Amino acid sequence: MSTPLDTGAVVASGKTPTSTARTLAGRRLTLCDAIHAEWTKFRTVAGMLWLVAAAALLTIGLGVAVDSSVTCPTTGCDVDTVKTSFTGIMLGQAIVAMLAVLAIGTEYSSGVIRTSLTATPQRLTGYIAKIIVVGAVTLAVAIVSVTGSLIAGRLILPTKGFTAANGSALPSLTDGTVLRATLCAVLYLFLIALLSLGIAYVARESTAAIGIVLGLLYLFPIVAQVISNETWHKRLERLGPMTAGLAAQTTKNIAAQPITPWHGIGVVALWALGALLAGGTVLRMKDA
């Protein structure tokens with residue numbers, strides 16, 4: 001008799017042994033079974049764990065590079081040291097998006113999605129399991145990336161003149177504003193992954209899905225910049241997932257941002273929820 005782990009391995013390899021089919025026909029898969037299978041698929045797909053490592057390393061690495069390039073030679077330098085340390089998120093979000101898209105995109109491109117739906121005929125159960133696995137992995141990546149970036153900032157920025165004596169205190173989680181920005185940074189990467197996963201289920205093709213996600217992230221700010229009407233300029237900045245999400249990571253001059261921090265992360269959450277609802281609807285209504 002096959003176990004849930006066997007089922008996950010079967011799905012990952014694209015094979016469906018008769019014994020597994022009998023086991024699946026004999027009982028209804030639970031959410032735990034589906035999560036086990038999705039995790040098996042995730043860690044056995046070539047390159048996925050490399051993308052996990054790349055997301056963390058590139059996010060922290062770009063933050064380190066920016067921290068090393070800025071200076072505060074005199075007192076009163078008005079630099080948001082927290083946002084400076086989180087600069088790598090602008091690159092890391094693209095890797096996180098690719099990670100989430102490929103988690104399902106490879107199944108559609110290889111045809112394994114048909115085996116997945118056979119192994120887990122309750123499509124909603126399989127969809128929730130996929131969300132949980134991708135969400136858990138990206139949340140872990142986000143925590144490591146954001147924490148690493150913050151620690152790097154505390155180590156590097158003092159050597160660049162960012163000290164309390166110069167009127168620029170180091171970022172510390174004991175500061176409520178810094179803690180909020182850190183939480184929002186983690187949530188932002190997590191929500192970008194869920195947004196990307198939902199879009200991948202709608203597009204059903206990795207290249208198209210990645211293009212759509214990157215367009216949403218990077219084209220919104222570009223379009224907003226070329227809009228001369230101030231009202232529409234601010235409106236686009238508030239609606240764009242990246243501009244709204246990055247505004248949530250600000251600790252200085254918050255009033256100058258297009259949207260307040262928690263409203264900003266709320267906008268990203270709405271984008272993610274909408275994408276997941278759309279992805280679930282397509283999965284339920286269309287055949288593989």
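The values are calculated or read from the model by the stated rules, or taken from the named source; none is laboratory data. Quick caveat, the model's predicted, so the values are computed rather than measured. Cβ coordinates were reconstructed from backbone atoms using ideal geometry, including for glycine residues, and neighbour counts include every protein chain displayed. Calculation scope for accessible area: heavy atoms of the full protein, side chains included, ligands and nucleic acids excluded. Shrake-Rupley method; radii C 1.70, N 1.55, O 1.52, S 1.80 Å.
Observations, loosely collected:
- Look at the alpha carbon pairs under 8 Å that are at least 6 residues apart: their mean separation over the length of the chain gives a relative contact order of 21 percent.
- Virtual paramagnetic centre 7 Å along Cα→Cβ of Leu57, amide N under 20 Å, in region 129-159: 137-153
- Förster-model FRET efficiency, 35 Å R0, Ala256 and Leu214, C-beta, rounded to 0.05: 0.85
- By a 1.4 Å probe calculation restricted to protein chains, Cys32 has an accessible surface near 100 Å², given to the nearest 10.
- Here Rg/Rh (Cα atoms, Kirkwood Rh) was calculated from the structure, and among [x] 1.06; [y] 0.98; [z] 0.95 it sits at label [x].
- Value of Rg to Rh for region 38-119 (Rh from inverse mean 1/r over Cα pairs, i.e. Kirkwood): 1.25
- Residue-level accessible surface for Ile210, protein heavy atoms, 1.4 Å, Å²: 40
- Among the cysteines of the chain, those whose beta-carbon sits 4.7 Å or more from every other cysteine beta-carbon are Cys32, Cys184.
- The slack between Ile143 and Leu273, meaning 0.36 nm per residue of separation minus the straight C-alpha distance, is 44.7 nm.
- On full extension, the segment bounded by Arg235 and Met48 gains 63.7 nm, given 0.36 nm per residue less the C-alpha separation.
- Probe 1.4 Å, accessible area per residue of the chain, Å²: 46
- Reachable lysines from Lys41, criterion Cα separation under 24 angstrom, eight or more residues apart if same chain: Lys15, Lys130, Lys286
- Its relative contact order, with pairs defined as Cα atoms under 8 Å and 6+ residues apart, puts region 210-288 at 22 percent.
- Amide H contacts under 5 Å for Gln249, placed H, 5+ residues apart: none
- The candidates Lys252, Lys286, arranged from most to least accessible area with a 1.4 Å probe in the full protein assembly, appear as Lys286, Lys252.
- Accessible-area composition of the chain, carbon plus sulfur, in percent [1.4 Å probe]: 68
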